[in-house]
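Trainee: Would you mind keeping the following structure in view while I ask a few things?
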Amino acid sequence: MATWLIVLILLLGIRLFEYSIRFISVVILSRSNKKKAVGFFHPYTNDGGGGERVLWCAVKAIQEVSPDLDCVIYTGDHDASPESLSVRALDRFGVALLNPPKVVHLG
């Protein structure tokens with residue numbers, strides 16, 4: 001009885017290991033084909049404060065140094081679009097972004 005239990009545990013362990021390897025390889029292969037990105041968490045991108053200027057200067061610096069990276073802004077402002085944020089960065093702060101940032105709306 002104990003022998004069967006040990007064999008069963010070994011077989012289940014081997015299957016779990018196989019599934020883990022398969023899952024990890026799928027994750028690695030799918031990520032290797034994706035474009036790399038830099039994310040900025042800034043919940044209030046439309047408040048016009050000093051922190052917003054720092055955000056746009058950082059985005060522009062990343063775009064200049066690493067143009068192959070996407071810049072992603074995570075924001076709570078649901079009316080923010082990539083184009084409106086780029087226009088706002090230029091109009092309000094004089095920061096001309098090379099590309100509009102990607103936007104992910106929170107909550």
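The numbers here are math on the coordinates, done by the rules we state, and not lab data. Quick caveat: nothing in here was measured; it's all calculated off a predicted structure. Here the Cβ positions follow ideal geometry from the backbone for every residue, glycine too, while neighbour counts run over all protein chains shown.
Trainee: With percent of Cα pairs over 24 Å apart defined as stated, name the option among (i) 31; (ii) 46; (iii) 51 computed from the structure displayed.
Mentor: For percent of Cα pairs over 24 Å apart, the calculated option is (ii).
Trainee: For Cα pairs less than 8 Å apart in space and 6+ apart in sequence, what is the mean separation divided by the residue count of the chain, i.e. the relative contact order in percent? Please report the intermediate quantities before stating the final value.
Mentor: Working: 117 pairs, mean separation 28.0, N = 107.
Once divided by the residue count of the chain, the mean separation gives 26 percent.
Trainee: Which far-off residues, 5 or more places away or on another chain, put their amide H under 5 Å from the one on PHE40, with H placed in the peptide plane?
Mentor: VAL72, ILE73, TYR74
Trainee: I would also like to ask the following. Please give the calculated 222 nm ellipticity per residue for the chain, where each DSSP H segment of at least 4 residues contributes -39500 (n - 2.57) and the sum is spread over every residue; nearest 500 deg cm²/dmol? Working shown, then result.
Mentor: Numbers: 3 runs with 59 residues, N = 107.
-19000 deg cm²/dmol, from helical runs alone.
Trainee: Follow-up question, since we're still on this one. Give me the extension gain from LEU16 to VAL38: residue separation times 0.36 nm, minus the current Cα-Cα distance, reported in nm with one decimal.
Mentor: Working: separation 22, 0.36 × 22 = 7.92 nm, distance 3.39 nm.
Extending this stretch completely gives an extra 4.5 nm.
Trainee: A further question on this structure: Net charge near GLY39: determine it from the other residues with C-beta under 10 Å of the C-beta of GLY39, scoring Lys and Arg +1 and Asp and Glu -1. Walk me through the numbers on the way to the answer.
Mentor: Details: positive: LYS102; negative: ASP70.
The answer is 0.
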